[in-house]
Amino acid sequence: MLYLNPDVPAHCGTSFYRQRLPGGARGGNFAPASKNNLVEALGTRFVPPDSFVEDLRIDHRVNRLLLYQANLINSATGYWGHTLEEKRMAAVFFWMAN
C-alpha cells in the first residue's frame, strides 16, 4: 500500500488487528491459506464488536509504502475528507510470493 495524499492527518493510517480471546488474550491475526476470506475463516459474516483488538498502528505519511501479507487482518485507522481531492487515498498492489 502506498499513501498518496499529502494532506491527510497521521491518524488516518492503517491498523492491524488480532482476535480477542476469552480472558482478553490476543489470538491470531490472519485468515488461514485454506480460507478465501474472514467469513470463511470465522464461519460467520457478523462478529461481536469487541472480537478484535488493535495490535499495530501505522501512521499515514505521503509516499510511505507498507508491505504486508494480504491475509493479515487490517483496516484503515481513520478516514478523512469529503471530496476525492481531499480523501485518504492509497494505491494497493497484490502479488503472489512465497
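Here, each number is a calculation from the coordinates, and none is a lab measurement. What you see is a predicted model; the values in this text were computed from it and never measured. Cβ: placed from backbone, ideal geometry, glycine included. Neighbour counts: every protein chain shown.
Taking label positions 7 Å along the Cα-Cβ direction at both residue 63 and residue 79, the computed distance is 2.9 nm, reported to one decimal. Length available on full extension from residue 92 to residue 4: 0.36 nm per residue minus the Cα-Cα distance, which gives 30.6 nm.
Each helix, a run of at least 4 DSSP H residues, gives -39500 (n - 2.57); summed and divided by the residues of the chain, these come to -1000 deg cm²/dmol at 222 nm. For the chain, the list of GluC sites (Glu not before Pro) that fall in a loop by DSSP and count at most 13 other C-beta atoms within 10 angstrom reads 85, 86. Neighbour counts of C-beta atoms inside 10 Å place 39, 8 in the sequence 39, 8, starting with the fewest.
Across the chain, the longest piece that holds none of the chymotrypsin sites (Phe, Trp or Tyr not before Pro) lying in DSSP loops with up to 15 other C-beta atoms within 10 Å covers 1-45.
Charges were assigned to the Cβ only: +1 to each Lys and Arg, -1 to each Asp and Glu. The resulting dipole of the chain about its Cα centre is roughly 220 debye.
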